[in-house]
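Engineer: Before anything else, here's the structure in question.
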Amino acid sequence: MEHPLAAQDALMWITHRPDLVFTSGQGSWITDHQGKRYLDFVQGWAVNCLGHGHPAIVAALTAQAGQLINPSPAFYNAPSLQLARGLTARSCFDRVFFASTGAEANEGAIKLARKWGQKHKGGAHEIITFADGFHGRTLATMSASGKPGWDTLFAPQVPGFPKAQLNDLDSVAALITDQTVAIMLEPVQGEAGVVPASVEFLQLLRQITDDRGLLLIVDEVQTGMGRTGKLFAHEHAGITPDIMTLGKGIGGGVPLSALLARESVCCFEAGDQGGTYNGNPLMTAVGCAVLDVLTAPGFLEEVTAKGEYLAAGLQALSERQGLGGERGSGLLRALLLPDERGPALVEAARQRAPQGLLLNAPRPHLLRFMPALTVSREEIDQMLAWLEELLAA
């Protein structure tokens with residue numbers, strides 16, 4: 001029998017991957033080809049909001065695969081209509097466009113804002129985004145992102161994305177011109193190291209966009225779908241954005257994303273927006289199952305409670321080990337390190353025996369935690385105990 005890694009050279013190289021192949025998963029645990037189990041606090045970068053192999057997702061995929069997979073987005077299908085109604089009924093938005101990735105949803109948001117600027121603001125097209133923000137890996141979303149070094153990686157950039165500083169309203173106001181159409185941000189900057197926009201800042205952004213006739217776009221690809229203890233993170237600030245994007249958790253592991261907008265902003269014309277797989281019933285059936293679980297009585301309250309439990313555990317660990325504290329929202333958190341040992345800790349955690357631990361270090365001086373929203377307190381305790389061992393070593 002061929003070794004599972006024998007075909008690795010057939011994949012295009014895009015990043016270093018360890019020499020293991022994951023073969024199965026259940027809840028907060030994932031197993032490799034040698035039978036080693038890992039406690040997973042990455043979950044596909046906050047994708048598997050219900051963990052690995054959740055019964056509701058398996059059932060939805062299995063049932064829908066036997067009925068209809070893709071009739072083409074030129075026709076309606078029942079799961080996409082059901083999910084669109086479910087999302088609009090639970091949000092301030094009126095209409096939904098489904099896509100496959102968060103970057104694709106953000107690309108759609110950029111297009112929608114620019115189209116709105118053409119129709120209602122004399123061709124205004126600039127969208128103010130933020131230093132250290134992350135919106136995806138297409139050329140436009142990379143240009144909208146403020147990740148260091150990305151401005152030259154595939155130059156020339158797509159123009160029209162001046163960068164402000166998060167939680168600094170003066171830096172935003174200084175960039176507004178007659179060419180500005182929108183302000184776009186993540187309620188919590190994930191790739192930057194779990195840096196939340198303050199409630200006050202989000203409220204001030206809503207005020208300044210209202211005052212200046214601009215759109216407010218929230219990128220909730222990572223923060224949406226219950227990750228922060230609310231269905232959508234902007235709800236913590238009590239604001240009503242004009243456009244929102246979702247990804248990652250909305251599909252619970254399958255390729256699904258969404259662009260949501262208020263009726264007054266919806267101005268696409270035939271041919272402006274589309275996509276071969278967008279809104280296909282196989283993926284949106286899973287989205288319906290995920291939404292049902294997340295909105296079941298008590299579920300989000302439990303996410304909030306477990307977020308507070310994880311935060312308290314990380315803070316106590318930080319104090320015992322002389323680290324830099326913790327921050328975040330709900331079950332999206334970071335532990336600040338006094339040096340740049342993050343990548344080494346990630347490596348040591350994965351190699352830990354007999355069971356491994358999957359962690360993430362988006363910046364060298366911190367660790368990011370994105371467990372399944374179904375993670376147990378016992379699993380949180382287990383992670384903290386193993387992490388303390390690794391820190392001591």
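Engineer: Under a Cβ-Cβ cut-off of 12 Å, what is the net charge of the residues other than GLY136 that fall near it, where Lys and Arg count +1 and Asp and Glu count -1? Write out the running numbers ahead of the final one.
Structural biologist: Working: positive: ARG137, LYS147, LYS248; negative: GLU104, GLU107, GLU186, GLU191, ASP219.
Once all neighbours under 12 Å are counted, the net charge is -2.
Engineer: A further question on this structure: Take peptides 108-114, 272-278 and line them up by average Cβ neighbours within 10 Å, highest first, as a rough protection proxy.
Structural biologist: On the way: 108-114: 24.3, 272-278: 15.3.
With the highest mean Cβ count within 10 Å placed first, the list reads 108-114, 272-278.
Engineer: Continuing with this model, one more query. Go through region 27-128 and name the chymotrypsin sites (Phe, Trp or Tyr not before Pro) that are in a DSSP coil and have 16 or fewer other Cβ atoms within 10 Å of their Cβ. Before the final figure, lay out the partial values.
Structural biologist: Numbers: sites: TRP29, TYR38, PHE41, TRP45, PHE75, TYR76, PHE93, PHE97, PHE98, TRP116; in loops: PHE41, PHE75, TYR76, PHE93.
Answer by residue number: PHE75, TYR76.
Engineer: Give me the Å³ per residue figure for the convex hull around the C-alpha atoms of region 56-294.
Structural biologist: Hull volume normalised by residue count: 119 Å³.
Engineer: Order 80-86, 314-320 from most to least packed using the mean count of other Cβ atoms within 10 Å.
Structural biologist: On the way: 80-86: 18.6, 314-320: 15.7.
Peptide ranking by packing, descending: 80-86, 314-320.
Engineer: Can you give the translational diffusion coefficient of region 287-393 in µm²/s, computed by Stokes-Einstein from the Kirkwood radius over Cα pairs at 25 °C and 0.890 mPa s? Could the numbers behind the result be given before it?
Structural biologist: Numbers: Rh = 14.5 Å.
Diffusion coefficient, whole number: 169 µm²/s.
Engineer: Please report, ordered by residue number, every helix of the chain (full DSSP H runs) that is 24 Å or longer along its axis going by C-alpha atoms and whose mean Kyte-Doolittle hydropathy reaches -0.5.
Structural biologist: Details: long enough: 102-120 (26 Å, -1.05); 299-321 (33 Å, -0.16).
Helices passing the filter in the chain: 299-321.
Engineer: Another question about this same structure. Rank CYS288, CYS267, CYS49 by mean-square fluctuation in a GNM of the chain with C-alpha springs under 10 angstrom and give only the top-ranked residue.
Structural biologist: Largest GNM mean-square fluctuation: CYS267.
Engineer: Quick check for you: which residues of region 272-312 have the amide N under 13 Å from the point 7 Å beyond the Cα of ALA74 toward its beta carbon?
Structural biologist: Inside the label zone: 275-276.
Engineer: Roughly how far apart, in whole Å, are the Cα centres of region 229-293 and region 326-356?
Structural biologist: Distance between centres, Cα-based: 30 Å.
Engineer: For GLU302 and GLN118, calculate 0.36 nm times their separation in residues minus their Cα-Cα distance, and state this gained length in nm to one decimal. Working shown, then result.
Structural biologist: Numbers: separation 184, 0.36 × 184 = 66.24 nm, distance 4.42 nm.
Extending this stretch completely gives an extra 61.8 nm.
Engineer: By how many nm would the segment from LEU153 to ARG341 lengthen if fully extended, with 0.36 nm per residue of separation less the alpha-carbon distance? Numbers along the way, then the final one.
Structural biologist: Numbers: separation 188, 0.36 × 188 = 67.68 nm, distance 2.60 nm.
Full-extension gain reported as 65.1 nm.
Engineer: Pulled fully out, how much extra length does the chain show between ALA131 and ARG377, if you take 0.36 nm times their separation in residues and subtract their Cα-Cα distance?
Structural biologist: Values: separation 246, 0.36 × 246 = 88.56 nm, distance 3.49 nm.
Roughly 85.1 nm would be gained on extension.
All of the numbers you see were taken from the coordinates with simple rules; none came from a lab. Everything quoted here is computed from the prediction, not taken from an experiment. Using ideal geometry, Cβ is built from the backbone for each residue, glycine included, and neighbour counts are taken over all protein chains shown.
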